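The values are calculated or read from the model by the stated rules, or taken from the named source; none is laboratory data. Bear in mind that the values here come from a model prediction, so they are computed numbers and not experimental data. We place every Cβ from the backbone using ideal geometry, glycine too, and count neighbours over all the protein chains shown.
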Amino acid sequence: MRDRGGAHPPLVELTLARLREFVREPEALFWVFVFPILMACALGVAFRARGDEPVVVGVIGRSGAPLVTAILQRTPGVTVRTLGADEIARALQRAEVQVVVEPGTPPVYHLDPTRAESRLARRIVDDLLQRAAGRVDAFAAREAPTEAIGSRYIDWLLPGLLGMNIMSTGLWGLGFSIVHARTRKLLKRLIASPMRRRDYLLAQLFGRLVFLGIEVGALLLFGHVAFGVPLRGSIALVLGTCLVGAVAFGGLGLLVASRARTIEAVSGLLNLVMLPMWVLSGVFFSASNFPAPMQPFIQALPLTALNDALRAVMLEGDGLSAVAHELGLLAGWGLASFAVALRIFRWR
Amino acid sequence: MTDRPAVRCRGLVKRYADVVAVAGLDLEVRRGECFGLLGPNGAGKTTTIEILEGLTPADAGEVEVLGERWGRGRDRALRGRLGIQLQETQLNDKLSVEETVRLFRSFADRGRTIDEVLALVELDAKRRSWVGKLSGGQKQRLALACALVGQPDLLFLDEPTTGLDPQSRRQLWDLLASYRAGGGTILMTTHYMDEAETLCDRVAIVDRGKVIALDTPRALISSLGAEHVVEFAVADGATLDQAALAALPGVGEARLEDGAWSLATPEVHLAVPALLAHLSAQGAALSHLTTHSATLEDVFVALTGRHLRDA
Ligand SMILES: Nc1ncnc2c1ncn2[C@@H]1O[C@H](COP(=O)(O)OP(=O)(O)OP(=O)(O)O)[C@@H](O)[C@H]1O
Ligand SMILES: [Mg+2]
């Protein structure tokens, strides 16, 4: 038993110091806990009512317009707006209308074919006008709506937000506090003491993990209560995946902060590391949208692995063996970054 | 073992891009003594002390601290025997005084309890305050507490009392005296001559990365050949002859700087009347006259022709 004069072991004291520093910084709390919930809320609301969104059709005010308007307005879910001939481009650009009908024989449809809503609206309008002009449907199909829980956008989005949050709190949290300590020469003072260097870096990582449970729990609970996002796999596996992810991004945070001397330098580096993952790793839209040659690179990114694993467990109820590959990749990122950071770390 | 010096360095050199911060510096600090490094800004004191602390690698030279060398696999054990206060460290603002001391205590394998250390630096009343809310002097004392917490054999202090009020300085001096009474060794830098004269057994005057004088404060002052310094200026910029002034009875040396004369005088009671007689014979009127006991500052001026503060 060592004589520590009433202090805990160094690793514990260093971790406590990190936690205290964190909770005594109210801004940090906001970014870690409140921001992701606000984000989920905003995105959830924006995409929730997708199915019953009205189709907004612009009709050019000229002869024939009243008839077209009357036909379209008979159908529930279609809204008509009368436009001047010079307003077509602007209304489409601003997405105020999805398609514009120029009455005539035959009528002209103005639309932006790169937008799915625009193409869909064109087909609805076309069907209605064709039927009114006498086209007869060959048959009337019956619709069987399915229970959509688990396959809505918000269900897909939430695990991605969780992954993104673990990435940004790991990278920003560690990156900033370390570079801050370096610019104040606090790191130099620490290595002038008999502290073990490894202990300091480990404590930064552990400090991160303590709050992970709250951070993850808050977002999961919010998703469940507000949007009914399902959790089909084991909750222990979700938390375990988050933990391994936090180790990976904690390690990366240490690595990114290992040499930078100024807050500006580390901010630039952090953006450089995070931006590709925001875009490529399937947070807001699926990573499979990118061309095949990029896929090996995308699949090797830690955020892709984390998002894939979280979606598999939460939405498909996969077990440990199904996500073992992703977890291994994340652990590898964490260990390798930590080892390199420890070697190249600048203490003064 | 105990006869080996606490610190020994030979031929220390440290270069930065275009400056030579330390230019072949030798030092030996004996066990149990308080050794002072004195010198103007940029003389290389901090660089030297940080090389000795094993924080900055030297370009050349040998360092031995408490009989050990840095980088031989025993650095951590050696650090456990040192107490270090850096010239510019800001401890974590968001931790309390007690939490900070506790953190540093946890690194050491031996030493005082946290309560003892807080009492020692008289910060018990502030133990729950955040570091960011302390005054400059309280921060200095906290830095000292962190250095003392492991009961070090050797204390490195880089300008420990800069920015303190006179009373806090005196408190700190008492603290250092009691540390030494327990057998500790101190290597410190300072810009305060009175501090060096009060605390240090020996001082080295450093200029441009080299030791230019080394002895006890008393011996250095008496090497001036004068116990006192008379400073005066004459009105209307009248010119005086340096040789004639130096030849006055009771005057050792005369020096003109920025229109002000200073005379090194072993015997003030002879020098002042002789000076007054000389001035009235020359028809020059005094605009200013002071005398003070010679200090290390005067030693520095005599050695380099510059003042410590603005050299
Ligand atoms: N990291 C560095 N990079 C470049 N130059 C440096 C560095 N550290 C010190 N120097 C230079 O080395 C010289 C000695 O600096 P040092 O800090 O040792 O002086 P000092 O005697 O402690 O001065 P002070 O009394 O102002 O504290 C100075 O000219 C300084 O500009
Ligand atoms: Mg200095």
Study note, to complete from the structure: The one condition A:Gly282 fails out of (1) small (Gly, Ala, Ser); (2) without any contact (Cβ under 8 Å) to a residue 60 or more places away in the chain; (3) not in a helix (DSSP H, G or I) is (2)
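Each row is one residue, and each column tells you yes or no for (1) at pLDDT 90 or above; (2) touching a Leu at 6+ places or on another chain (Cβ under 9 Å); (3) surrounded by fewer than 12 Cβ atoms within 10 Å (Cβ to Cβ); (4) within 28 Å of A:Arg123 (Cβ to Cβ).
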residue: A:Leu11; (1), (2), (3), (4): yes, yes, no, no
residue: A:Ala42; (1), (2), (3), (4): no, no, yes, no
residue: A:Ala49; (1), (2), (3), (4): no, no, yes, yes
residue: A:Gly77; (1), (2), (3), (4): no, no, yes, yes
residue: A:Gln93; (1), (2), (3), (4): no, no, yes, yes
residue: A:Val100; (1), (2), (3), (4): yes, yes, no, yes
residue: A:Gly104; (1), (2), (3), (4): no, no, no, yes
Revision key, fill the gap. Of (1) buried (at least 19 other Cβ atoms within 10 Å of the Cβ); (2) within 12 Å of ligand 1 (Cβ to nearest atom), B:Leu95 satisfies every one except (2)
Point to revise | Criterion violated by B:Leu286 - all others in (1) touching a residue at least 24 places away in the same chain (Cβ under 8 Å); (2) loosely packed, with under 13 Cβ neighbours inside 10 Å satisfied | key: (2)
Point to revise | Evaluation of B:Ile49 against (1) within 25 Å of A:Arg184 (Cβ to Cβ); (2) β-branched (Val, Ile, Thr); (3) surrounded by fewer than 19 Cβ atoms within 10 Å (Cβ to Cβ) (one fails), failing number | key: (3)
Point to revise | Single residue of segment B:37-46 satisfying the filter (part of a loop (DSSP other than H, G, I, E, B) and buried (at least 19 other Cβ atoms within 10 Å of the Cβ)) that is nearest to the other protein chains (Cβ to nearest Cβ) | key: B:Gly44
Check your understanding: For A:Lys188, which of the numbered conditions (1) modelled with pLDDT under 90; (2) within 20 Å of A:Arg259 (Cβ to Cβ) fails to hold?
Key -> (1)
Review point. Regarding B:Ala311, is this residue within 23 Å of B:Ser223 (Cβ to Cβ), at pLDDT below 80 and outside the structural domain of B:Pro217 (by TED's automatic domain parsing)?
Key: yes
Check your understanding: Would segment B:128-141 turn up any residue that is under 14 Å from A:Arg189 (Cα atoms), surrounded by fewer than 19 Cβ atoms within 10 Å (Cβ to Cβ) and either within 16 Å of ligand 2 (Cβ to nearest atom) or aromatic (Phe, Trp, Tyr) (or both)?
Key -> no
Practice item. Please tell me if B:Gly39 is in contact with a strand residue (DSSP E or B) (Cβ under 6 Å, 6 or more places away or on another chain), touching a residue at least 12 places away in the same chain (Cβ under 8 Å) and within 16 Å of ligand 2 (Cβ to nearest atom). Key: yes
Review point. Is at least one residue of segment A:124-143 assigned to a loop (DSSP other than H, G, I, E, B) and in contact (Cβ under 8 Å) with a residue 12 or more places away in the chain?
Key: no
Practice item. Tell me which of these B:Glu88 doesn't satisfy, since it passes every other one: (1) exposed (fewer than 15 other Cβ atoms within 10 Å of the Cβ); (2) more than 16 Å from ligand 2 (Cβ to nearest atom); (3) not small (Gly, Ala, Ser). Key: (2)
Review point. Right, B:Val203: farther than 23 Å from B:Gly44 by Cβ and surrounded by 15 or more Cβ atoms within 10 Å (Cβ to Cβ) or not?
Key: no
**Study point:** Of all residues making up segment B:1-33, the number that are of a type outside the set (Lys, Arg) and either more than 15 Å from ligand 1 (Cβ to nearest atom) or within 14 Å of another protein chain (Cβ to nearest Cβ) (or both)
**Key:** 13
Study note, to complete from the structure: Checked segment B:128-175 for anything within 14 Å of another protein chain (Cβ to nearest Cβ), within 16 Å of ligand 1 (Cβ to nearest atom) and among the small types (Gly, Ala, Ser); matches are B:Ala143
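Condition check ((1) within 14 Å of chain B (Cβ to nearest Cβ); (2) among the polar types (S, T, N, Q)) across all residues:
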{"position": "A:Pro9", "(1), (2)": "yes, no"}
{"position": "A:Thr15", "(1), (2)": "yes, yes"}
{"position": "A:Ala65", "(1), (2)": "no, no"}
{"position": "A:Thr69", "(1), (2)": "no, yes"}
{"position": "A:Gln73", "(1), (2)": "no, yes"}
{"position": "A:Arg81", "(1), (2)": "no, no"}
{"position": "A:Val100", "(1), (2)": "no, no"}
{"position": "A:Val108", "(1), (2)": "no, no"}
Point to revise | Index of the failed condition, A:Leu255 passing every other in (1) over 17 Å from A:Phe345 (Cα atoms); (2) buried (at least 22 other Cβ atoms within 10 Å of the Cβ); (3) among the hydrophobic types (A, V, I, L, M, F, W, C) | key: (1)
Check your understanding: Among A:Glu87, A:Glu21, A:Glu117, which is touching a Ser or Thr at 6+ places or on another chain (Cβ under 9 Å), surrounded by 14 or more Cβ atoms within 10 Å (Cβ to Cβ) and assigned to a helix (DSSP H, G or I)?
Key -> A:Glu21
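Matching residues to (1) within 14 Å of chain A (Cβ to nearest Cβ); (2) at pLDDT below 95; (3) closer than 20 Å to B:Ala143 by Cα; (4) not in a helix (DSSP H, G or I):
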| residue | (1), (2), (3), (4) |
| --- | --- |
| B:Phe35 | no, no, yes, yes |
| B:Ile49 | yes, no, yes, no |
| B:Ala58 | no, yes, no, yes |
| B:Arg72 | no, yes, no, yes |
| B:Asn92 | yes, yes, yes, yes |
**Study point:** Selection within segment B:51-85 - touching a residue at least 60 places away in the same chain (Cβ under 8 Å) and within 16 Å of ligand 2 (Cβ to nearest atom)
**Key:** B:Leu52, B:Glu53, B:Ile84, B:Gln85
**Study point:** segment B:215-245 - residue that is assigned to a strand (DSSP E or B) and in contact (Cβ under 8 Å) with a residue 60 or more places away in the chain and, of those, surrounded by the fewest Cβ atoms within 10 Å (Cβ to Cβ)
**Key:** B:Glu231
Exercise for review: For B:Ala108, indicate whether it is within 16 Å of ligand 2 (Cβ to nearest atom), within 26 Å of B:Val29 (Cα to Cα), assigned by TED's automatic domain parsing to the domain that holds B:Gly44 and over 16 Å from the mean Cα position of the chain (by Cα).
Suggested key: no
